[in-house]
Structures are given as C-alpha cells and as structure tokens.
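Asks: Attaching a single structure in structure tokens format; questions to follow.
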Amino acid sequence: MTREGREEATLLLFGVVFLVLWHCDEPAARALPPVEVPDTAVAAPEPDPPEDFARHCDIKPPVGFNHMVEKAAQESEINPRLLALTVYRESRCKVDAVGAVGEIGLGQVYPAIWTKVLTDEGIIGSVDDLYDPEVNLRAVGFILGEALRYAKGDPTDALRRYNGSGPAAERYAHEQTYLYQAMWGESLWFRDR
C-alpha cells in the first residue's frame, strides 16, 4: 500500500471510530483514544557548504575573503558569485591594487566618481577606507546594485556600467557574462531570483 493509501485508510478508520464513540451514551466513551502517529518525518537536507570564492584568486586573497564576499553580497543583496567574479577580474584579489587612473582595491573602485556617494551612504569615511578589503567589497556590492538599477535590471548592461562606457566596457560586460556562465554553469544574475 502506498503512503497516500495508508494515510487515507487511517483517516477513514479515525472517522469511523469517532462516529461510533460520538453516538455512545457515555460521555467518557466520547473521548478519542490516543493516536499513534508513525514517524514519517524526513530529516532536513544538509545546508550547502559555504562557497570557496578564494579558489579562483590568482594570488592569496585576504584572510576571511569568502566570509567578506558573502557578507558584502548579503548587505547589498547582490549575487556573491558576481561580487567575487568582479574582484577576480578587477584586481585578481590583490587588496592593495591601484589602477591606471587611481582605482583602488579589490574591486578597483574609482574614487573620482564614487567617493561622495560612498561617503553619503556611510560605506566609507575617506578614500583610504577603500584599501580595507571588507569596506572595498561593500563598496563594490553597492556600486553593482546602483549599476543594475540604472541598467533597469539588465545584468550585462549593469556590468558595462560598472566598468564605464564605450567599446571596452561593452567587451568587459560580455566577457564577464561569459566567464560567469563558464565558472558556475548558470546564467548571470544579480539579485535573488
């Protein structure tokens, strides 16, 4: 007998017992007997182990990198894989990376554009805070979120906006989209689906 069949039979039996007892003259006979419920509970599945974002870094990432990525992604409601991918591309996980035009840190945040906004948002107190890997990742998460907002939800356009404008930024966006799909075997997404 299938599980559904057993459940149906059990319910039918309880219904009959209830009706028989209900029609007895004695009020004590109306009390339902204790019910033995079979233990059919299924153990909850084990949670997935935390993702090892550090394994894709070209150099040794900062201590606690995986946790920092997860925390920044959760705070900004951004896909942690996308946040990590941005760091791989921008700095190869080098905390003190400085770009050609002054971009800073893991995500190569450009202070000339982002200092005021990041300060107003309470993410940084000064430009030097961007050298702190945790702060830099929080800034990257925020910037990716803003890029997605301006791109009206288009992930590829959001990546282009993160990088800048023009043909180089278009190429960057398409390469990042391709790399994401190659690394994780899923379509690129920014926020929880």
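Asks: For region 177-193, how many residues are open to solvent by less than 60 Å² (accessible area, probe 1.4 Å), free of Cβ contacts under 8 Å to residues at least 60 places away in the same chain and under 16 Å from the mean Cα position of the chain (by Cα)?
Replies: 1
Asks: Filter region 149-176 down to residues that are part of a helix (DSSP H, G or I), open to solvent by 20 Å² or more (accessible area, probe 1.4 Å) and under 25 Å from LYS71 (Cβ atoms), then give me how many there are.
Replies: Going through region 149-176 one residue at a time, the tally reaches 6.
Asks: Of all residues in region 145-169, which are of a type outside the set (D, E, K, R), over 16 Å from THR86 (Cα atoms) and under 19 Å from the mean Cα position of the chain (by Cα)?
Replies: If the condition is that a residue be of a type outside the set (D, E, K, R), over 16 Å from THR86 (Cα atoms) and under 19 Å from the mean Cα position of the chain (by Cα), then GLY153 is the only one that fits.
The values are calculated or read from the model by the stated rules, or taken from the named source; none is laboratory data. These numbers come from a predicted model, not from an experiment. Methodologically, a virtual Cβ is constructed for each residue, glycine included, from the backbone with ideal geometry; neighbour enumeration extends over all protein chains shown. Just the protein is used for accessible areas: all its heavy atoms, side chains included, with ligands, DNA and RNA removed. Shrake-Rupley method; radii C 1.70, N 1.55, O 1.52, S 1.80 Å.
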